[in-house]
1. Fewest first, what order do ARG89, ARG83 take by the number of other Cβ atoms within 10 Å?
2. Taking 2.2 N^0.38 Å as the expected size of a compact globular protein, what ratio does the Cα radius of gyration of the stretch 1-50 give against it, to two decimals?
3. Just from its helices, what would the mean residue ellipticity at 222 nm be for the chain, if runs of 4 or more DSSP H residues each count -39500 (n - 2.57) and the sum is divided by every residue, rounded to the nearest 500 deg cm²/dmol?
4. Using the number of other C-beta atoms within 10 angstrom as an exposure proxy, rank VAL101, VAL73 with the fewest first.
5. Could you tell me which residue out of ILE127, VAL110, ILE141 lies farthest along the dipole of the chain toward its positive end? Charges go on the beta carbon: Lys and Arg +1, Asp and Glu -1, centred on the Cα centre.
6. Using θ = phi - 60° and the Karplus relation 6.51 cos²θ - 1.76 cosθ + 1.60, list the HN-Hα couplings for the stretch 4-20 in order, rounded to whole Hz, with x at every Gly or Pro.
7. Arrange the following residues from fewest to most other Cβ atoms within 10 Å of their Cβ: PHE34, PHE104.
8. In debye to the nearest 20, how big a dipole does the chain give about its Cα centre with +1 on each Lys and Arg Cβ and -1 on each Asp and Glu Cβ?
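What follows draws every value from the coordinates through simple rules; no lab data is involved. Only a predicted model underlies this, so the values are computations on that prediction, with no experimental measurement involved. Backbone-built Cβ (ideal geometry, glycine too); neighbour counts: all protein chains shown.
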Amino acid sequence: MKKEDKLYELIQPQVELLNYECVDVTFEKRSKDFVLTIYIDHEGNIGLDDCEKVSLAIEAYLDEIDPIEQPYVLEVSSPGLGRPLKRPRDFEKALNQQVEVNCFMPINGVKQMSGKLVSYDDETVRIQTENDEIELSLKAISRIAPEIEF
């Protein structure tokens, strides 16, 4: 299991206790620092007060259980409109919505497509494009995210 997945499993229940949804956790090196970013959501908009509330609670929890061996910076953020779909809940929320899909290799001659997310499971997604309904392996997809319309 990847470090981010382990951290998500530790952090997600604590975030839910605060009445937020933990939508993603990333842990990456930026310049000279490691950064742990927790993305939260709930009904309505996420503001600075929400991020601060979660940050303070999670910081105390992480200090107590100490799951990360190196020094790091903790960030709490909203996920943003165009964040990639990663977890089952992300796909559930995006069902019957327009999505943009980028593939590692061309499929039917294209690496990028958009269409309505018709269904998903642990291994595949079905996308209704203008012309066809296409089933894609999740392993073939480099990125799938909601299509943002302006």
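1. Going from least to most buried by this count: ARG89, ARG83.
2. Relative to the 2.2 N^0.38 Å estimate, the stretch 1-50 comes out at 1.24.
3. -8500 deg cm²/dmol
4. By the 10 Å Cβ count, ascending, the order reads VAL73, VAL101.
5. It is VAL110, whose Cα lies furthest towards the positive end.
6. 4, 5, 5, 5, 4, 4, 6, 7, 3, x, 5, 5, 5, 4, 8, 6, 10
7. PHE104, PHE34
8. 580
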